[in-house]
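Taken together, the values in this text are just the output of simple stated rules run on the coordinates, not laboratory data. On a predicted model such as this, the values are computed, not experimentally measured, just so you know. Neighbour counts are summed over all protein chains in view; Cβ atoms, including those assigned to glycine, are modelled from backbone coordinates with ideal geometry.
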Amino acid sequence: MERIKVNLDKGRNDSYEIFIGREILDRLGLVVKVRNHADRYVIITDSGVNPLYGELVREKLNGANLPVDIIEIAAGEASKSMNTVLDVVSQLINLGASRKSLLVALGGGVVGDLTGFIASIYMRSVPYIQIPTTLVAQVDSSVGGKTGVDLPEGKNLLGTFYQPEGVFIELSFLKSLSDADFKNGLAEIIKYGIISDEEMFKLLEREHDAIVDQQPALMKNIVKRSCKIKAGIVEMDEREQGLRRILNFGHTLGHALEAASDYRLSHGEGVAIGMVGAAGISHKLDYLDQASYKRILNLIKQYGLPTQVPGDLETKKIVGFLASDKKVMDSKLHYVLVKKIGAPFVTDAVGVDVITDVIEELRQ
Ligand SMILES: NC(=O)c1ccc[n+]([C@@H]2O[C@H](COP(=O)([O-])OP(=O)(O)OC[C@H]3O[C@@H](n4cnc5c(N)ncnc54)[C@H](O)[C@@H]3O)[C@@H](O)[C@H]2O)c1
């Protein structure tokens, strides 16, 4: 089992460890018991994950004599809502969960974001741990402490920064994941390669077949590297004042594409096209050479992720969503570009004409 320490602000006691491996849950009960003195443990999971792993995780905690309840929410993004928050909170109250209870987020990013949010506000905050079960959650959402729910007006509009007490990444859970959800996670892993780890980028180029077959040593390697990159960035900029923005590589255009398609495009698909777009802008503005642009494009293609803007999405509509993103952030649209693979930078100096040209060039 690998361990990564996430060291946050020294003034607060917010640091935690990420455990990564196979069959690591055998030690879950003991680790949790030693670190947390909770009176009860409540697993929050969804209807896709509960039948697969709910009882297994309960057994592992029960094995260390810990009292465990399970709350199940419906699988899917629609559950990341205030209605679900209120529903889960009433169930917690009915179960007798107190300020000394600990919540266990068992699931993908939806369960993780929702549980973290509830943990940050339930009885003025209770501790929680993350047991991420999707690749997106294992390499991205479970690390960094961003929690939240969606509102009818937009995604992630209510939320907090609230760090978990620990993250337990059980790699064998990935076996049951759908191809589409596996690819969503691969898009984030490719992103880490582009922004921070050329060696991993090369590994992804070289080992495509073994990675899509989930060869255990390789999966552990790329999940660990991705977590290390995210943890390292979060340690330096927990609240996204600057550096953390580089994690948004491909996401600005990606979100606009997702929204313009009425979420027909998944997050991973939006990010994949968004990364090609960001690399395209980097090349157009003479930061990135043609060969590196092609490598980025080819790697995304190689993993079966889309690289072109669907024909039915109007450029004007996509640019409109980019502009509304700008309003939410601040007065300027920040773009993450790359000078080479592994060397990103943030700029607010990308003209709408350049973005429009690149979107047009990426059309099917
Ligand atoms: N907090 C962050 O920093 C952060 C980062 C990235 C994404 N997110 C959020 O994460 C969410 C997306 O997360 P996601 O992609 O994990 O989606 P998800 O949580 O909706 O999970 C996708 C589907 O996979 C199923 N599933 C989960 N694990 C499984 C397994 N091991 N085997 C079989 N099925 C399984 C779930 O039941 C669900 O139907 C979005 O809401 C996004 O905003 C947050």
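Odds and ends about this structure:
- Placing R0 at 41 angstrom, the Cβ-Cβ distance between Glu361 and Thr160 gives a FRET efficiency of 0.55 after rounding to 0.05.
- Amide H contacts of Gly342 (H built 1.01 Å from N, under 5 Å, at least 5 apart or other chain): Ile195, Ser196, Asp197
- With at most 10 neighbouring Cβ atoms within 10 Å, loop GluC sites (Glu not before Pro) (DSSP) excluded, longest segment of the chain: 154-364
- FRET E, pair Glu23, Glu153, Förster distance 45 Å, beta-carbon r, rounded to 0.05: 0.55
- Fraction of alpha-carbon pairs over 24 Å apart in region 179-361 - percent: 34
- In this calculation the C-beta distance from Lys316 to Met123 is compared with R0 = 56 Å, giving a FRET efficiency of 0.75.
- Rg and Dmax of region 43-142, Cα atoms only, in Å: 12.4, 35
- Rg to Rh, two decimals, where region 2-176 supplies the alpha carbon set and Rh follows Kirkwood: 0.93
- Relative frequency of Cα-Cα separations exceeding 19 Å in region 121-231, percent: 49
- Where labels lie 7 Å past Cα in the beta-carbon direction, separation of Glu235 and Ala349 in nm: 3.2
- With 30 Å as the limit, the listed pairs Lys183/Lys339; Lys175/Lys317; Lys33/Lys224 have Lys175/Lys317 beyond it between alpha carbons.
- Full-extension gain in nm, Arg3 to Glu55, via 0.36 nm per residue minus C-alpha separation: 16.2 nm
- Cα-based shape type of region 212-274, given that a ≥ b ≥ c are square roots of the gyration tensor eigenvalues and the cut on a/c is 1.5: oblate
- Filtered trypsin sites (Lys or Arg not before Pro), region 265-364: DSSP coil and at most 14 other beta carbons within 10 Å: Lys332
- Principal axis dimensions, largest first and in whole angstrom, of the chain by Cα: 60, 42, 40
- Among the listed pairs Lys60/Lys301; Lys5/Lys191; Lys80/Lys284; Lys5/Lys220; Lys146/Lys301, those with a Cα-Cα distance over 28 Å are Lys60/Lys301; Lys80/Lys284; Lys146/Lys301.
- Each Lys and Arg contributes +1 and each Asp and Glu -1, all at the Cβ; summed about the Cα centre of the chain, the dipole is approximately 880 debye.
- When you filter the trypsin sites (Lys or Arg not before Pro) in region 93-145 for DSSP loop state and at most 12 other Cβ atoms inside 10 Å of their Cβ, you are left with Arg99.
- For region 234-317, convex hull of alpha carbons as volume per residue, Å³: 129
- The Cα center of region 231-308 and the Cα center of region 94-151 differ in position by 26 Å.
- Amide H contacts under 5 Å for Ile44, placed H, 5+ residues apart: Ile71, Val104, Ala105, Leu106
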